[in-house]
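Data first, discussion second: the structure below is written as structure tokens.
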Amino acid sequence: MSELIFAPVPQHLAYTDASFTLTPGVLAINAPTAHELFFTARQLRQSVQEAAGVKLDIVAGNPAPDQTRIALNIAVNASRHPQGYELTIDDSGINIVASTPAGIFYGVQTLRQALMQAGAELPGLRITDWPDFPNRGVMLDISRDRVPTMETLHGLIDMLAGLKINQFQLYTEHTFAYRNHKVVWEKASPMTAEEIMALDAYCQERFIELVPNQNTFGHMGRWLKHEPYAHLAETQGEWITPWGDTRRQPFTIAPTDESLALVRELLNELLPHFRSRQINVDADETFDLGQGQSKERVEKEGVGRVYLDFLLKIYREVKARGSTMQFWGDIIMQHPELVPELPRDAIALEWGYEAGHAFDEHGAIFARSGIPFYVCPGTSSWRTLAGRTDNALGNLRNAAENGLKHGAIGYLNTDWGDEGHMQPLPVSYLGYLAGAAESWSHEASVNLDISAALDAFIFRDEAGVMGKLAYDLGNAYQLLDPNSFNSSLFFNALVMSSERLYKSGVGPGEGFSRKQCNQVLADIGEIVEPLSRAKMQRPDAALIQQEFSWVAGMLWHACRRIVWLNSIHAGQEDVALRQTLAEEIDGLIDAYRELWHARSRPGGFEDSVARLERLRQEYA
């Protein structure tokens with residue numbers, strides 16, 4: 001058979017002339033405490049059964065060599081990294097050796113990928129492997145309307161564990177069911193305390209640390225809009241964003257003792273539900289700081305100083321509870337002279353989502369100051385519907401390269417849901433896989449065939465359709481505007497008013513003709529044409545096909561909408577096209593409702609779909 005593919009790509013892999021055929025026998029656990037590997041062994045046995053049709057008995061100790069088919073061995077100093085492993089397949093069987101249970105687990109994930117491709121007839125090989133970044137995380141936004149069901153979260157965690165991810169966060173503003181704050185979350189279908197503890201246990205079995213996440217400074221509008229918390233808002237009334245827009249909704253909590261009391265209460269309730277001794281307090285994008293309650297103080301001391309002082313108060317609360325504080329580094333990076341004042345036991349999260357983000361420059365600043373930091377790229381899925389494949393791959397690789405260059409201790413791949421979290425979850429699978437590969441083995445992953453890996457390990461598509469389709473549809477943004485910032489023009493055309501769209505100066509604008517639109521529609525049609533021929537070996541295969549079909553329909557609709565907006569802007573509305581759009585949007589909304597409830601909780605849907613309902617009203 002041809003050479004196997006792996007994702008992440010192992011650091012060192014060599015094929016040999018040997019081979020091994022799996023037959024019924026023993027899967028042996030040779031470890032100081034066998035139960036540490038029991039879940040891992042059962043997972044592997046199931047994979048052997050599914051891929052090779054072979055039954056193995058799990059035993060502890062050293063059975064007779066002629067009975068042993070696979071051996072999982074923990075030995076002191078067996079690997080150069082605590083999460084490293086060696087995997088050997090030869091004529092005598094399969095051996096995985098590591099110095100920790102985590103290393104064995106990661107070796108098993110590699111072996112499972114080999115089984116998916118080769119079945120019972122395995123080629124001889126020797127793999128020596130370890131991660132580039134000790135902390136490899138994914139953060140999923142659950143605060144922009146979409147909160148996944150527990151079944152969805154379990155499936156996602158299984159996928160990420162198979163890609164050797166070892167941290168997971170749920171970005172939270174208002175979607176944890178705090179017992180004394182029901183007014184904030186009652187319409188959001190939040191994560192409950194019991195669900196968090198169950199999810200924590202599910203993650204632990206798969207060597208994933210579930211890190212608590214609760215915004216505590218900016219992005220607090222979901223709290224501040226309610227009367228009991230309104231007095232904590234930095235601003236009530238108009239304030240100006242950094243890019244010049246006027247906003248009226250409260251956004252940031254004022255850096256006061258009363259606000260700190262709320263933060264203290266949230267930490268007291270949230271943290272005991274997690275095994276992790278870290279928490280991401282976010283504290284990002286405090287855009288209106290200094291425009292309200294703290295205006296006088298900011299004028300005297302500077303906005304950076306006022307920000308840092310409140311961040312340090314949050315840090316002391318986290319520290320008092322025996323945890324390490326993570327925080328987004330965007331605000332402090334605007335005041336690099338203050339970076340050396342950060343505590344050396346807090347973790348800065350250096351984020352940026354464009355391919356050319358300044359991970360090099362910013363990483364150097366944190367490194368010079370001795371501040372531990374993660375690099376935090378993203379999947380580029382949000383505000384796009386279909387993703388931005390080339391931008392995502394460039395962003396994820398840039399983060400890994402410069403994170404390693406400057407000694408970052410972690411890599412956190414972010415998946416946001418700005419403006420209604422419209423993109424279906426499978427749109428993010430490409431970004432999850434690529435980020436996992438970059439964070440485990442940056443150099444070795446340079447030639448990874450993303451499409452093939454998606455087909456083999458994520459979509460499980462025997463027809464080889466879905467990987468390329470997801471990759472190419474994710475690049476459809478370039479058909480309209482390859483330089484869209486943190487979004488695609490397809491998405492912007494759906495959620496922006498016509499006035500804002502034209503004022504923004506993005507995209508093809510008035511020069512985009514019906515002929516050009518027809519070509520874009522044809523190009524997208526060519527990308528999704530093979531969708532019905534996919535043969536995904538997943539229980540949600542039909543759902544994935546429906547999700548990508550809906551995404552294509554939304555892109556088509558957005559393209560035609562631009563032509564219609566241009567006709568209005570030119571003073572000659574295309575009424576027939578408006579009627580076509582009105583007919584289309586009903587079906588798209590109906591499909592969106594069905595797809596949402598297949599993976600997500602009901603809370604938040606009405607807020608999200610309202611963006612599409614506005615289109616229906618506009619066409620009417």
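The values are calculated or read from the model by the stated rules, or taken from the named source; none is laboratory data. It should be emphasised that the depicted structure is a prediction, and the values quoted were computed from it without experimental measurement. Ideal geometry is used to build each Cβ from the backbone, glycine not excepted, and the neighbour counts take in all protein chains shown.
Has region 96-117 got at least one residue that is farther than 20 Å from ASP158 by Cβ, among the β-branched types (Val, Ile, Thr) and either in the same structural domain as GLN167 (by TED's automatic domain parsing) or touching a helix residue (DSSP H, G or I) at 6+ places or on another chain (Cβ under 7 Å) (or both)?
Step one: of region 96-117, the residues farther than 20 Å from ASP158 by Cβ are 97-100.
If we keep only those that are among the β-branched types (Val, Ile, Thr) too, we end up with 97, 100.
Imposing the further condition that a residue be either in the same structural domain as GLN167 (by TED's automatic domain parsing) or touching a helix residue (DSSP H, G or I) at 6+ places or on another chain (Cβ under 7 Å) (or both) reduces the set to none.
For region 96-117, residues farther than 20 Å from ASP158 by Cβ, among the β-branched types (Val, Ile, Thr) and either in the same structural domain as GLN167 (by TED's automatic domain parsing) or touching a helix residue (DSSP H, G or I) at 6+ places or on another chain (Cβ under 7 Å) (or both): absent.
Only one of the listed residues (GLN204, GLN169) is surrounded by fewer than 15 Cβ atoms within 10 Å (Cβ to Cβ) and under 20 Å from GLY410 (Cβ atoms). That residue is GLN204.
Look at region 590-613: where a residue is assigned to a loop (DSSP other than H, G, I, E, B) and a partner is hydrophobic (A, V, I, L, M, F, W, C), sitting 6+ places away or on another chain with Cβ atoms under 8 Å, you get ARG601/VAL147; GLY603/VAL147; GLY603/ALA188; GLY604/VAL147; GLY604/ALA188.
So that you can scan it fast, the table gives a plain yes or no per residue for (1) buried (at least 24 other Cβ atoms within 10 Å of the Cβ); (2) out of contact with any strand residue (DSSP E or B) (no Cβ under 8 Å at 6 or more places or on another chain); (3) modelled with pLDDT of 95 or more:
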site	(1), (2), (3)
GLY403	yes, no, yes
ALA408	yes, no, yes
ASN413	yes, no, yes
MET466	yes, no, yes
LEU489	yes, yes, no
TYR502	no, yes, no
GLY511	no, yes, no
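Check whether at least one residue in region 64-79 is surrounded by 19 or more Cβ atoms within 10 Å (Cβ to Cβ) and modelled with pLDDT under 95, and report yes or no. Scanning region 64-79 turns up at least one residue that is surrounded by 19 or more Cβ atoms within 10 Å (Cβ to Cβ) and modelled with pLDDT under 95. Pairing each residue of region 233-254 that is farther than 15 Å from LYS295 by Cα with any residue that is surrounded by fewer than 16 Cβ atoms within 10 Å (Cβ to Cβ) and β-branched (Val, Ile, Thr), provided the two are 6+ apart or on different chains, yields C-beta distances under 8 Å for THR246/ILE240; ARG247/ILE240; ARG247/THR241. Within region 32-57, the set of residues being closer than 23 Å to SER79 by Cα, among the hydrophobic types (A, V, I, L, M, F, W, C) and modelled with pLDDT of 95 or more comprises LEU37, PHE38, PHE39, ALA41, LEU44.
Of the residues making up region 43-63, those that are free of Cβ contacts under 8 Å to residues at least 40 places away in the same chain, buried (at least 16 other Cβ atoms within 10 Å of the Cβ) and not in a strand (DSSP E or B) are ARG45, PRO63.
Scanning region 180-208 for residues that are touching an Asp or Glu at 6+ places or on another chain (Cβ under 9 Å), in a loop (DSSP other than H, G, I, E, B) and not polar (S, T, N, Q) yields HIS181, LYS187, ALA188, ARG206. Looking at the structure I just gave you, is ILE544 hydrophobic (A, V, I, L, M, F, W, C), assigned to a helix (DSSP H, G or I) and more than 23 Å from THR389 (Cα to Cα)? It is false that ILE544 is hydrophobic (A, V, I, L, M, F, W, C), assigned to a helix (DSSP H, G or I) and more than 23 Å from THR389 (Cα to Cα).
For region 95-112, state whether one or more residues are assigned to a strand (DSSP E or B) and more than 32 Å from the chain's Cα centre (by Cα). Even if it seems obvious, please write down each step before you answer.
If we filter region 95-112 for residues that are assigned to a strand (DSSP E or B), which is where we start, we get 95-98.
Restricting the remaining residues to those that are more than 32 Å from the chain's Cα centre (by Cα) gives 95.
Checked against the condition, which is being assigned to a strand (DSSP E or B) and more than 32 Å from the chain's Cα centre (by Cα), region 95-112 yields at least one hit.
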